[in-house]
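**Q** The structure is given below, and queries will be raised subsequently.
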Amino acid sequence: MNTSLRKSIRPGATIGIVHIFFVLIGFNMLVAILFARVSGVKQPDAIPAPVYLMAYSITMGIWAGVAAAQKRKQEFRQVAFAGCVAGGFAGIMAGLLEFGLAIILVKNINVRDVLTVLSANFIKGTLFGMQPAMGVMVTVMLFALGGTLGGALVAFWNSTPFQAFLNRGIRFTKDSVQKAQGVTHGKNRLLWQIASISLLALAVVFLPLNWGSYWNYVLGTVGLYVVLGLGLNIAVGLSGQLVLGFIAFFAIGAYSMALLNAPLPYHLMWGFWPALVLGVLLAAVAGLLLGLPLMRLRGDYLAIVTLGFGEIIRILLKSDVLTAYTGGPRGIQNIGGPTIFGRPFVTDVDFMYLIIGAMLLAMFIYSRLQNSRTGRAWLAIREDETVARASGVNTVRYKLLALVIGAAFAGLAGAIFASRNQFTGPEEHSLMASINVLSLIIVGGLGSIPGTIMGAFALKGLPEILREFENYRLLAFGALLVAMMLSKPDGFIPSRRPKFQIPIQPETREAPKEQDHD
Amino acid sequence: MILNIENINVHYGAIQALKDVSFNLNEGEIVTLIGANGAGKSTCLNTISGILHPTSGRVTFIDEEITNTSPQDIVKKHMIQVPEGRKIFASMSVWENLEMGAYIHSDRSQIKKRIDQVFERFPRLKERRNQPGGTLSGGEQQMLAISRGLMAEPRVLLLDEPSMGLAPILVEQIFDIIREINHNGTSILLVEQNALMALSIADRGYVLDSGKVVLEGKADDLLRNPMVIKAYLGGEAIGSEL
């Protein structure tokens with residue numbers, strides 16, 4: 001019994017520490033606000049009603065209870081009790097914290113220089129607006145209640161009848177999936193493909209019209225980051241060259257568009273399309289020029305040099321020397337948009353179509369390259385550059401090609417980005433943006449197209465949607481990356497190379513089919 | 001003479017790795033370069049295959065100077081290197097590894113034929129054709145690395161330490177394979193630390209020490225040379241084996 005008690009206290013203490021951390025950064029209020037949102041409060045206050053904070057306490061208790069009850073093959077009552085103990089212990093730690101907070105409140109000590117969130121209102125809110133002693137007691141009770149609930153939940157989950165029910169459900173799902181696959185992979189395969197593609201096309205045409213401006217803006221950004229991510233993926237994922245300052249090529253695209261198609265500083269007004277083409281070309285040329293001296297470098301050295309290149313571009317754009325030519329820190333405004341068949345593009349909806357087009361183009365080029373002879377050469381270089389050279393692969397040419405095409409993708413995304421926002425400035429092209437792109441392809445799965453889309457959505461889309469979490473974005477970034485690398489080291493959707501499976505029977509063996517254009 | 005190396009000097013920065021090294025390979029021969037670690041054996045191979053370029057000297061391959069030719073062009077002339085340490089493309093399947101060996105050729109049916117020939121010679125590779133190269137055993141990986149070299153239809157095969165890290169029984173198998181490849185008409189330049197094995201299958205040998213050729217001759221003579229026995233064959237033990 002003694003060891004059992006100790007086993008319950010340990011997860012309780014962990015959750016208690018997590019809770020203390022959460023309170024000190026004000027995360028408990030945030031969760032409470034989210035709860036308020038979910039239950040239908042339109043505009044919750046900065047300190048929401050006590051009920052929602054209580055819900056937060058119970059949630060933390062449940063977490064502690066679940067943590068304590070896991071891996072226990074005991075009776076229902078014992079597991080629930082373990083949960084209760086864990087929750088209660090976390091609650092006592094929470095109570096001690098609140099006791100401390102109450103002292104700060106009563107004695108009017110100013111700690112906000114260090115812990116900015118700990119205002120008087122915040123502390124009162126954390127105590128559910130009650131008297132300190134009462135608040136502490138309620139907290140402990142709520143945590144213990146949550147813990148018991150959590151323990152019971154786990155016990156119920158592990159109980160034989162529920163597991164049997166679950167297994168039946170899983171088997172049913174598997175069977176249905178298999179049946180569905182039988183239908184879609186049978187002789188009707190082509191029909192199914194046509195149907196799904198036309199469905200997708202319909203969605204592409206009609207969804208942007210109904211999303212509204214905000215969603216089109218958010219998803220447009222995601223789409224541009226998909227193009228950018230695919231570009232970086234050609235260099236990093238396919239050919240294995242770790243390029244860090246990738247956003248520099250994006251900046252070159254954006255500034256080409258800005259300088260050629262804005263009233264200031266030159267009033268060139270070339271129009272969108274010529275500026276776009278030139279932006280892509282200039283980015284590609286920059287990729288070539290950067291690549292030439294880089295061809296002797298590998299791994300870390302390549303990463304450091306490209307990092308330097310990215311920073312040089314940003315600082316040049318920002319510097320006083322070039323203020324007269326590039327607008328300096330203020331950037332360039334009023335960049336013009338495209339016109340198709342006499343119809344000017346102004347709204348985010350219009351740009352959404354343009355971005356979808358760019359995305360499809362990038363995806364098409366990417367997948368063609370990946371499955372070509374060129375893609376095979378890149379793969380060989382990524383695996384072992386020396387052996388690739390010894391096998392007769394022109395490694396310099398293919399590495400340069402990867403950089404040039406990747407840079408061109410980035411230039412395309414940058415030019416559209418500048419035109420859509422009608423603005424570009426040096427701070428848009430900071431190191432953080434490069435890191436974002438690299439993170440998104442790693443989180444999504446190096447080298448894979450669905451992975452890139454997933455990663456772009458997770459890293460660029462989610463923060464926009466969860467505006468409240470804005471302050472925690474970097475925290476979430478870090479946590480997500482660490483969790484990702486631990487649980488799925490290959491990313492959400494790892495790259496699956498087309499495998500040329502050769503059947504075992506020699507008489508039916510045929511040469512593997514493969515696109516060949518090189 | 002199919003391959004002729006004349007007075008090559010190779011530098012890594014300020015360090016001179018090869019000093020006036022000359023040797024040659026006749027059509028149909030197995031010639032071995034033996035020597036201790038750091039003697040410059042792999043540097044020799046990398047210079048011949050174009051991965052390194054000498055600061056001076058000449059490399060001639062079938063009456064054509066290839067001193068400063070790029071690796072891919074040398075592969076196109078049907079001379080290919082099998083790098084040391086069983087280097088294969090670990091995540092590519094056995095089949096894909098073999099296709100990479102024929103990267104410079106674009107005739108699909110020809111490649112297919114070559115792969116069938118390789119599979120005939122190495123049934124083990126055929127069994128494992130869909131398996132990633134990295135999952136093969138050490139001996140099989142070396143087999144694959146050599147087969148990948150054969151895919152380029154080499155007239156000269158440059159082998160860098162094929163015995164490295166293999167159990168003695170596997171080393172013998174690999175050397176049997178090398179001998180067989182040679183019988184089928186491919187000239188072989190073999191770099192080895194395992195001097196006994198190398199000299200026992202070679203026609204001629206060169207001993208490299210600190211970037212210089214210190215000894216050369218018929219393999220049988222080298223096996224009996226007191227200096228070679230002392231330095232590379234571990235004393236007198238060799239006498240009983242011959």
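The values are calculated or read from the model by the stated rules, or taken from the named source; none is laboratory data. From a predicted model like this one, the values you see are computed outputs, not experimental measurements. Ideal geometry is used to build each Cβ from the backbone, glycine not excepted, and the neighbour counts take in all protein chains shown. Note: accessible area is taken over every heavy atom of the protein model, side chains too, but ligands, DNA and RNA are not part of it. Shrake-Rupley method; radii C 1.70, N 1.55, O 1.52, S 1.80 Å.
**Q** Could you tell me whether the stretch A:62-81 includes any residue that is small (Gly, Ala, Ser) and not in a helix (DSSP H, G or I)?
**A** no
**Q** Oh, and also: Considering only residues that are closer than 24 Å to B:Tyr12 by Cβ, of a type outside the set (Phe, Trp, Tyr) and open to solvent by less than 10 Å² (accessible area, probe 1.4 Å), which ones fall in the stretch B:180-231?
**A** Once the filter is applied, which keeps residues that are closer than 24 Å to B:Tyr12 by Cβ, of a type outside the set (Phe, Trp, Tyr) and open to solvent by less than 10 Å² (accessible area, probe 1.4 Å), the stretch B:180-231 yields B:Leu189, B:Leu190, B:Val191, B:Glu192, B:Val207, B:Leu208, B:Gly211.
**Q** Which one of A:Leu238, A:Leu230 is open to solvent by 10 Å² or more (accessible area, probe 1.4 Å) and at pLDDT 90 or above?
**A** Only one candidate passes the filter, namely A:Leu238.
**Q** Additional query: For the list (1) outside any loop (DSSP other than H, G, I, E, B); (2) within 9 Å of chain A (Cβ to nearest Cβ); (3) under 20 Å from the mean Cα position of the chain (by Cα), I need the number of the one condition that B:Lys112 fails.
**A** Going through the list (1) outside any loop (DSSP other than H, G, I, E, B); (2) within 9 Å of chain A (Cβ to nearest Cβ); (3) under 20 Å from the mean Cα position of the chain (by Cα), B:Lys112 breaks only (3).
**Q** Do we find a residue being among the hydrophobic types (A, V, I, L, M, F, W, C), open to solvent by less than 40 Å² (accessible area, probe 1.4 Å), within 21 Å of the chain's Cα centre (by Cα) and closer than 28 Å to B:Gly38 by Cα anywhere in the stretch B:89-105? If you could, list the steps in order and put the result at the bottom.
**A** To start, the set of residues in the stretch B:89-105 that are among the hydrophobic types (A, V, I, L, M, F, W, C) comprises B:89-90, B:92, B:94-95, B:98, B:100, B:102, B:104.
When the remaining residues are screened for being open to solvent by less than 40 Å² (accessible area, probe 1.4 Å), the result is B:89, B:92, B:94-95, B:98, B:100, B:102, B:104.
Checking the rest, the ones that are also within 21 Å of the chain's Cα centre (by Cα) come to B:89, B:94, B:98, B:100, B:102, B:104.
Okay, now just the ones that are also closer than 28 Å to B:Gly38 by Cα, so B:89.
Within the stretch B:89-105, one or more residues are among the hydrophobic types (A, V, I, L, M, F, W, C), open to solvent by less than 40 Å² (accessible area, probe 1.4 Å), within 21 Å of the chain's Cα centre (by Cα) and closer than 28 Å to B:Gly38 by Cα.
**Q** Which of the residues that make up the stretch A:72-130 are at positive phi and either open to solvent by 90 Å² or more (accessible area, probe 1.4 Å) or outside the structural domain of A:Met60 (by TED's automatic domain parsing) (or both)?
**A** Hit for the stretch A:72-130 is A:Asn108, nothing else.
**Q** Hey, can you tell me all the residues within the stretch A:300-327 that are under 15 Å from A:Ala254 (Cβ atoms), open to solvent by less than 70 Å² (accessible area, probe 1.4 Å) and part of a helix (DSSP H, G or I)?
**A** A:Gly310, A:Ile313, A:Arg314, A:Leu317, A:Thr326
**Q** Still on this structure, I have one more. For the stretch B:80-97, check the following and say yes or no: at least one residue is more than 10 Å from chain A (Cβ to nearest Cβ), under 25 Å from B:Ile174 (Cβ atoms) and not in a loop (DSSP other than H, G, I, E, B).
**A** no
**Q** Which of the residues spanning the stretch B:103-135 are of a type in the set (A, V, I, L, M, F, W, C) and under 19 Å from B:Ile177 (Cβ atoms)?
**A** Of the stretch B:103-135, the ones of a type in the set (A, V, I, L, M, F, W, C) are B:104, B:111, B:115, B:118-119, B:122, B:125.
Within the stretch B:103-135, B:Ile115, B:Val118, B:Phe119, B:Phe122, B:Leu125 meet the criteria.
One line per residue, one yes/no per condition, for (1) under 29 Å from A:Val277 (Cβ atoms); (2) touching a residue at least 40 places away in the same chain (Cβ under 8 Å); (3) open to solvent by 20 Å² or more (accessible area, probe 1.4 Å):
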site	(1), (2), (3)
A:Val387	no, no, no
A:Ala390	no, no, no
A:Gly425	yes, yes, no
A:Ser439	no, yes, no
A:Lys460	yes, yes, yes
A:Glu464	no, yes, yes
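**Q** Report every pair of residues separated by at least 6 positions or lying on different chains whose Cβ atoms are under 7 Å apart, first residue within the stretch B:148-161 and facing chain A (nearest Cβ under 9 Å) and outside any helix (DSSP H, G or I), second of a type in the set (Phe, Trp, Tyr) and surrounded by 23 or more Cβ atoms within 10 Å (Cβ to Cβ).
**A** That search, which allows pairs on different chains as well, returns nothing.
**Q** Here is a further query. Only one of (1) more than 14 Å from chain B (Cβ to nearest Cβ); (2) surrounded by 20 or more Cβ atoms within 10 Å (Cβ to Cβ) is not met by A:Thr339, so which one is it?
**A** Here A:Thr339 clears every test but (2).
**Q** A further question follows. Please note which strands (runs of 3 or more DSSP E) are completely contained in the stretch B:1-72 and include at least 3 residues that are open to solvent by 40 Å² or more (accessible area, probe 1.4 Å) and out of contact with any helix residue (DSSP H, G or I) (no Cβ under 8 Å at 6 or more places or on another chain). Give the derivation first.
**A** Details: elements: B:3-12, B:15-25, B:30-35, B:56-61.
The qualifying strands (runs of 3 or more DSSP E) are B:3-12, B:15-25.
**Q** Let me ask something else. If you scan the stretch A:261-275, which residues turn out to be open to solvent by less than 20 Å² (accessible area, probe 1.4 Å) and not in a loop (DSSP other than H, G, I, E, B)?
**A** Correct list: A:Phe272, A:Ala275.
**Q** Could you check the stretch B:132-171 and list, in sequence order, the residues that are of a type in the set (S, T, N, Q) and open to solvent by less than 60 Å² (accessible area, probe 1.4 Å)?
**A** Hits for the stretch B:132-171 are B:Ser137, B:Gln141, B:Gln142, B:Ser147, B:Ser163.
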